[in-house]
Each structure stands twice: as structure tokens, then as C-alpha cells.
Amino acid sequence: MDEGNIISILKKHELRVTDCRRDVLHYFIDSGHALSTRELEETFGQYDRVTLYRTLNAFTEKGVIHSIPDSSGFARYGACHDTCGPGTHRHDHVHFKCEECGKIECIPSEQVPMVNLPGYTISESNLILAGTCEACNTLPQQSVSQ
Ligand SMILES: [Zn+2]
Ligand SMILES: [Zn+2]
Ligand SMILES: [Zn+2]
């Protein structure tokens, strides 16, 4: 994706363009899978952590990325699609965690099933499926490594 597109996505989501925001968004779009804060910290060592975390918070608020619950203790984020904007996230897709390579992917084609709970108001629902991802399933066993 070229720089012009990255900048227009930031503007569309009411975000001022900074080097950090531009670089992080670029990385999200190119990577194609959910990213953990640890991975982002390692990749963007040139930015201090506060700047990086502020960028992630701003992206989450403005509907550029969404956080994905994960038991590893590191927050993970996936890129949003055109349906999300400032203050609104419109997606309830499931996530898949690969036990072989550790990647978490958004599965936009599959929705979290609706649960009807009379008397309760549901504001959020999450479903994480675990197993072996498509890429790992097609690799010969010995070349799969952490
Ligand atoms: Zn979203
Ligand atoms: Zn995998
Ligand atoms: Zn997702």
C-alpha cells in the first residue's frame, strides 16, 4: 500500500498524520494478521513506548484497529475494515489463534453467534477459536517452528 493511501486512511479517521502513526498503520495493513504489543515494540524500537501506546489507543478510538482479547497477557490488535470509524466499531467476527505459530487472525467471514440473555445488556462479545492455521496445516511438520 502506498503512502498516499496510508495518509488518506489516517485523515478519514480524524487522525493527525505523524511518522509513528504512518509507520504503524502501514505495518498493520501489510502484516495481514493481528499484532501483539510486544511485536510492535520490537518492530518500532525507534519510537518510545509511550508514543507507540498512544498511537494504538488513538487507532482503537478512531476505528482503525480493534483489540483482541488474548490469554497471553499481551494485548493484540487487528486492523479494522471500512465499517469502523471514530467512536464506532462495527464487527463481530471471530478470531483464530494458531497453536503452532502463535498468530492470531481476524476471520471476517464468520460472525460470533448471537446469545439472547433476557434482562442483560450485552455490549461486547468475543470468540477465539484455537487450533492450527491454514498456513501451518499446509507446511511439512518439521519446518514448523516457533
Ligand atoms: Zn473496528
Ligand atoms: Zn499457524
Ligand atoms: Zn478482528
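Brief remarks on what is shown
- Residues of region 95-132 satisfying the condition of being exposed (fewer than 14 other Cβ atoms within 10 Å of the Cβ) and aromatic (Phe, Trp, Tyr): TYR120
- Considering each residue of region 70-89 in turn, at least one proves to be free of Cβ contacts under 8 Å to residues at least 40 places away in the same chain, assigned to a loop (DSSP other than H, G, I, E, B) and at positive phi.
- Just so you know, in region 52-76 the residues that are open to solvent by less than 50 Å² (accessible area, probe 1.4 Å) and among the hydroxyl-bearing types (Ser, Thr, Tyr) include one that is farthest from ASN126 (Cα to Cα), and it is THR55.
- Residue check, SER109 within 20 Å of GLU61 (Cα to Cα) and among the small types (Gly, Ala, Ser): no
- Residues being surrounded by 14 or more Cβ atoms within 10 Å (Cβ to Cβ), under 21 Å from PRO108 (Cβ atoms) and of a type outside the set (Val, Ile, Thr) - total across region 1-38: 11
- The listed residues are THR51, THR43, THR55, and the only one of them that is closer than 27 Å to ASN137 by Cβ, away from ligand 1 (no atom under 15 Å from the Cβ) and at pLDDT 95 or above turns out to be THR43.
- If you go through region 77-91 and keep only what is closer than 16 Å to ILE104 by Cβ and open to solvent by 30 Å² or more (accessible area, probe 1.4 Å), you end up with ALA79, HIS91.
- Subset of region 95-122 [in a strand (DSSP E or B), touching a residue at least 24 places away in the same chain (Cβ under 8 Å) and within 16 Å of ligand 2 (Cβ to nearest atom)]: HIS95, PHE96, LYS97, CYS98, ILE104, GLU105, CYS106
The values are calculated or read from the model by the stated rules, or taken from the named source; none is laboratory data. A quick note: this is a predicted structure, and the numbers were derived from the prediction, not measured. We place every Cβ from the backbone using ideal geometry, glycine too, and count neighbours over all the protein chains shown. Accessible surface areas use protein heavy atoms only, side chains included; no ligands, DNA or RNA. Shrake-Rupley method; radii C 1.70, N 1.55, O 1.52, S 1.80 Å.
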